[in-house]
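Engineer: I have a structure here, written as structure tokens, and I will follow up with some questions on it.
We did not get these values from a lab; they are worked out from the coordinates using the rules stated. Every value quoted in this text rests on a predicted model; they were computed, and no experiment measured them. Positions of Cβ are backbone-derived with ideal geometry, glycine not excepted, and every protein chain shown enters the neighbour counts.
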Ligand SMILES: [Zn+2]
């Protein structure tokens, strides 16, 4: 109850002023794990929301970054997240609203107070999209990379204090979840989810404090996702479209009815919605009501910098 109260207070603050949150250490509590939305919007810039990105806080440290869409560079700093504390970065897919700010965030490696090493995982490529390793090479490869001046990220050289290694390509068609990161504190799995023809991953983050599952964009048609997400304390799902969306949109995204049914089947302790855009934003409360017809746990409409800590155990 205490935690739920805290969340309500945080949401109130975010609704009132994202700026006020910059000084709020709410996601930095010791003795728990929390997720902070860097961006709660989609790829449209008219809604004053950054695109997708989340920081996972464990014992007050910013340990994981999942996605780095446009605008998350600024929110990363506002959240008080530190490159010095990161252990893992996961990129769900290579739409700009999930990946475009990665170079901008990593450039901060010139200005770190101490050395660090971070693992980076993303999906396998396709004809139309790069793999994680080819994206990394296209950005930071020596000579050919768009930002070849940051090639020191490969080994923490050239004044850059961050080593990005290993860089992992995850088979998004694999039947079983792929273990992508593990240390004494946290274990991370990735699993392919159907987002049109875009190779896309969901991430499952397990620590002694509980489990967070972050679904990026998906249309909800892969049955294995329910098993992948079962047991989650916090489930993050995109609310990108409305039930009346056209077939093309539904090939990419799950409408509220599908999000509600998925959440009901997974039955997390709380559901956090992000990736609001267009009509999903225009009738946000109406769309949430549809989700609540199926899923009866607490549903939170995420804002930029909203923080959600582990709910109290039942
Ligand atoms: Zn997408």
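Engineer: Which whole-number percent of Cα pairs in the stretch 62-158 have a distance greater than 23 Å?
Structural biologist: Details: 882 of 4656 pairs.
Summing the P(r) tail past 23 Å for the stretch 62-158 gives 19 percent.
Engineer: Moving to a separate point now. Using only DSSP helix segments of four residues or longer, with each worth -39500 (n - 2.57), what per-residue ellipticity at 222 nm results for the chain after dividing by its residue count and rounding to 500? Display every interim value, and only then the final one.
Structural biologist: Details: 11 runs with 83 residues, N = 314.
Here the helix-only value at 222 nm equals -7000 deg cm²/dmol.
Engineer: Taking the chain as the reference, fit the longest principal axis to its C-alpha atoms, fit the long axis of helix 284-294 to the helix C-alpha atoms, and give the angle between the two in degrees, 0 to 90, nearest 10.
Structural biologist: 70 degrees
Engineer: Rounded, prolate or oblate: which fits the stretch 156-280, taking a ≥ b ≥ c as square roots of the Cα gyration tensor eigenvalues, rounded meaning a/c under 1.5, else prolate when a/b beats b/c?
Structural biologist: prolate
Engineer: Can you run the Rg to Rh ratio on the chain? Use alpha carbon positions and the Kirkwood inverse-distance Rh. Display every interim value, and only then the final one.
Structural biologist: Values: Rg = 18.1 Å, Rh = 19.2 Å.
That ratio is 0.94, to two decimals.
Engineer: Let me make sure I get this right: for the stretch 102-160, a, b and c are the square roots of the gyration tensor eigenvalues over alpha carbons, sorted descending. Under 1.5 in a/c it's rounded, otherwise prolate if a/b > b/c, else oblate. Which is it? Intermediate values should be presented prior to the final figure.
Structural biologist: Values: a/c = 2.53, a/b = 1.71, b/c = 1.48.
It is prolate, given that a/c is not under 1.5 and a/b is the larger ratio.
Engineer: Can you give me the angle between helix 256-266 and the longest principal axis of the chain, using Cα atoms only, in degrees from 0 to 90, rounded to the nearest 10?
Structural biologist: That works out to roughly 80 degrees.
Engineer: Here is a follow-up. Treat the count of other C-beta atoms within 10 Å as a stand-in for reagent exposure and order 140, 225, 308 from fewest to most. Each step should come with its number before you reach the end.
Structural biologist: Details: 140 24, 225 21, 308 28.
Fewest to most other Cβ atoms nearby, the residues stand as 225, 140, 308.
Engineer: What percent do you get for the relative contact order of the stretch 165-298 when only Cα pairs under 8 Å and 6+ apart count? Let's see the in-between values first.
Structural biologist: On the way: 273 pairs, mean separation 24.8, N = 134.
Taking the mean separation of contacting Cα pairs over the length of the stretch 165-298, I get 19 percent.
Engineer: Could I ask something else about it? Quick check on the stretch 72-113: what does the Kirkwood estimate of hydrodynamic radius come out to from the alpha carbon pairs, in Å?
Structural biologist: Numbers: mean 1/r = 0.0901 Å⁻¹.
It works out to 11.1 Å.
Engineer: Between 152, 31, 286, which gets the highest mean-square fluctuation from a Gaussian network model of the chain, Cα cutoff 10 Å?
Structural biologist: Ranking 152, 31, 286 by mean-square fluctuation puts 31 first.
Engineer: Given the chain, what percent of its DSSP beta bridges are antiparallel, to the nearest 5?
Structural biologist: Values: 31 of 56 bridges.
Antiparallel bridges make up about 55 percent of those DSSP assigns within the chain.
Engineer: What does the extension gain come out to for residue 171 and residue 293, with contour length at 0.36 nm per residue minus their alpha carbon separation?
Structural biologist: On the way: separation 122, 0.36 × 122 = 43.92 nm, distance 3.45 nm.
Difference between extended and current length: 40.5 nm.
Engineer: While we're on this one: Averaging sequence separations of C-alpha pairs under 8 Å and six or more residues apart, then dividing by the length of the chain, give the relative contact order as a whole percent. List each step's numbers first, then the result.
Structural biologist: Working: 773 pairs, mean separation 56.5, N = 314.
About 18 percent, as a whole number.
Engineer: Quick one: grab the alpha carbon gyration tensor of the stretch 230-281, order the square roots of its eigenvalues as a ≥ b ≥ c, and give me rounded if a/c is under 1.5, else prolate or oblate depending on whether a/b is larger than b/c. Please report the intermediate quantities before stating the final value.
Structural biologist: Working: a/c = 2.83, a/b = 1.86, b/c = 1.52.
Prolate, since a/c reaches 1.5 and a/b exceeds b/c.
Engineer: Still on this model: Suppose each label sits 7 Å from its Cα in the direction of the beta carbon; what would the residue 244-residue 221 distance come out to in nanometres?
Structural biologist: Here the answer is 2.4 nm between the modelled labels.
Engineer: Can you tell me the order of 271-277, 167-173, 51-57 when each peptide is scored by its average per-residue count of other Cβ atoms within 10 angstrom, highest first?
Structural biologist: On the way: 271-277: 25.7, 167-173: 19.1, 51-57: 29.3.
Taking the mean over residues of other Cβ atoms within 10 Å, the ranking is 51-57, 271-277, 167-173.
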